[in-house]
Amino acid sequence: MIKVSVLYPNVEGSKFDMDYYCNSHIPMVRDRLGAACTGASVDGGLGGGAPGAPATYIAMGNIFFNSVEEFQAAFGPHAAEIMGDIPNYTDIEPVIQVSEVKL
């Protein structure tokens, strides 16, 4: 299984609309990716590693697939639409990581 994580750095003065992200963006992404997407989760940053430190990321979206190839085949045709929706909820440039889930 693989996980595609989209991380939004906690940049002072930036905007992030968690309601839109959870209730509009993620459902649209799941719809476009279809059955290739086996699951999704959203994390909202609460704090950093040290007491009182700000969260490194304001939010993280994770989508799960059986393989990198299934992700690429599902995402490719909808990439422009999915990426084009970003300004509707944030002005932060996301960081993307593809990982193999071990546990």
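Taken together, the values in this text are just the output of simple stated rules run on the coordinates, not laboratory data. None of these values were measured; they are calculated from a predicted model. FYI the Cβ positions are ideal-geometry reconstructions off the backbone, even for glycines, and counts take in every protein chain you see.
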Considering every residue within the stretch 5-15, establish whether at least one is in contact (Cβ under 8 Å) with a residue 40 or more places away in the chain, closer than 17 Å to MET83 by Cβ and of a type in the set (Gly, Ala, Ser).
yes
In the stretch 66-103, anything within 12 Å of MET1 (Cα to Cα) and under 12 Å from the mean Cα position of the chain (by Cα) is listed as VAL98
Among the residues of the stretch 13-65, the number that are part of a strand (DSSP E or B) and either among the charged types (D, E, K, R) or under 10 Å from the mean Cα position of the chain (by Cα) (or both) is 9
Condition set of a type in the set (Gly, Ala, Ser) and without any contact (Cβ under 8 Å) to a residue 60 or more places away in the chain, scope the stretch 70-103, selection surrounded by the most Cβ atoms within 10 Å (Cβ to Cβ): answer is ALA74
Q) Just wondering, is there one or more residues in the stretch 69-77 that are in a strand (DSSP E or B) and either among the acidic types (Asp, Glu) or out of contact with any Gly (no Cβ under 8 Å at 6 or more places or on another chain) (or both)? A) no
SER5: passes all of (1) among the polar types (S, T, N, Q); (2) within 17 Å of MET60 (Cβ to Cβ); (3) over 14 Å from the mean Cα position of the chain (by Cα) but (3)
